[in-house]
Amino acid sequence: MQDAFGRKIEYLRLSVTDLCNYRCVYCMSAAGVCKKARSEILSLEELAEIGAAAVRCGVKKIRLTGGEPLLRPGIVSLCRMLRAVEGLEELTLTTNGSLLPAMAKELRSAGVDRLNVSVDSLDSTRFRSITRRGTLADVQRGLAAAREAGFENTKLNVVLLGGINDDEIRDFAALTKDTDYCVRFIELMPMGVCAAWPRERFLSAQAVLTAVPELEMIGGDGVAELYRVPGSRGTVGLIRAMSGCFCARCNRIRVTADGKLKPCLHSAAEFPLRGKHGAALEQAIREAAARKPAGHRLTQCECSETPRAMNEIGG
Ligand code: SAM
Ligand code: SF4
């Protein structure tokens, strides 16, 4: 499946819920979200049907996300249904890690290939103040459970928050010394609650190269630049969501938990998929993907044009 600019669309991010047990300060308000009626959210069967149709259209990788995807009842069966889709090369999941202690093993047996675990501080007090509700020890137990369950090359997502966690950049990079983690520093994007934050919170990923000058570039992985601290087992990734525009290489589409296909994270354009099946569903996916804009306008508009908050899209 190609868009109008010749980009091959091979990656679907499928959001299974907009609910979350955390309230990360840059992602959600303290009050959380207004819970949608159950009927507004795609059923497990609808999610699996959309995933399978996307694969028939050429998608090779599906990432499940949220909100917090592990809160979604039936998430393990959904993983099993998607894993059974012929032609799907990789099934991954992005999570805050809090529920992994209980679920890592089941997810692995259901066929999840890899995990992204978000962790924005290695200090338990700071972790709590960023997530408002989270406990760092739960995530650390979750990472250990994932390793025991057989997950390898787990990616740790760290959103760079100027004046909040930038003094921990070296500590995060040090985690790669004896592990196979890829610690990925993500530039904060002005969306939802953080759109009005002061400029100093929005750090360029350059701050990582300044804090860890020994990093050596080793290549790229999708939208991430990849580095290694010499002698370390794991890697460090930089996702320049703001300072570097990777739209020309973007190969992804997103589907929200209420069934709207978003060809671009930052655009307001959405295409409803609900109620469509078989060939009609495939056609709707292809048509929406074809409408992917050339790029976002974050730098011109100062903030994202999507009215949705990140927990309603999934990252
Ligand atoms: N709850 C799961 C988690 O936190 O991993 C999955 C959903 S969360 C929306 C996916 C990713 O988006 C997380 O790594 C989170 O840190 C990141 N994120 C949320 N808001 C962001 C923003 N404004 N800019 C950059 N990344 C953001
Ligand atoms: Fe929840 Fe993830 Fe948003 Fe944090 S970043 S509030 S864990 S959805």
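The values are calculated or read from the model by the stated rules, or taken from the named source; none is laboratory data. Since we're looking at a predicted model, the values are computed, not measured. Neighbour counts are summed over all protein chains in view; Cβ atoms, including those assigned to glycine, are modelled from backbone coordinates with ideal geometry. The accessibility values were calculated without ligands, DNA or RNA, using every heavy atom of the protein model including side chains. Shrake-Rupley method; radii C 1.70, N 1.55, O 1.52, S 1.80 Å.
Annotations
- Averaged per residue, the chain has 42 square angstrom of accessible surface, using a 1.4 angstrom probe with ligands and nucleic acids left out.
- On region 11-313, 52 percent of the accessible area sits on carbon and sulfur atoms, based on a 1.4 Å probe.
- Region 68-111: relative contact order in percent, alpha carbon pairs under 8 Å with at least 6 residues between: 55
- Placing +1 on the Cβ of every Lys and Arg and -1 on the Cβ of every Asp and Glu, with no other charges, gives region 222-279 a dipole of roughly 120 debye about its Cα centre.
- Charging the Cβ of each Asp and Glu at -1 and of each Lys and Arg at +1, and nothing else, the dipole of the chain about its Cα centre rounds to 560 debye.
- THR131 accessible area, 1.4 Å probe, all protein chains in place, Å² to nearest 10: 10
- Here's the list of aspartates and glutamates a cross-link from LYS61 could span, going by alpha-carbon distance under 16 Å and ignoring same-chain residues fewer than 8 apart: GLU10, GLU49, GLU86, GLU89, GLU90, ASP113, ASP221.
- The Cα atoms of region 11-313 define a convex hull whose projected area, averaged across directions, is 14.5 nm².
- Rel. contact order, % - alpha carbon contacts under 8 angstrom, at least six apart, the chain: 22
- Taking a straight line from the alpha carbon of LYS60, these lysines sit under 28 Å away, with near neighbours fewer than eight places off in the same chain left out: LYS8, LYS105, LYS155, LYS260, LYS262, LYS276, LYS292.
- Chymotrypsin sites (Phe, Trp or Tyr not before Pro) within region 4-63, DSSP loop, no more than 14 other Cβ atoms inside 10 Å: PHE5
- Size of charge dipole - region 75-148 - debye, nearest 20, with Cβ of Lys, Arg +1 and Asp, Glu -1, no other charges: 340
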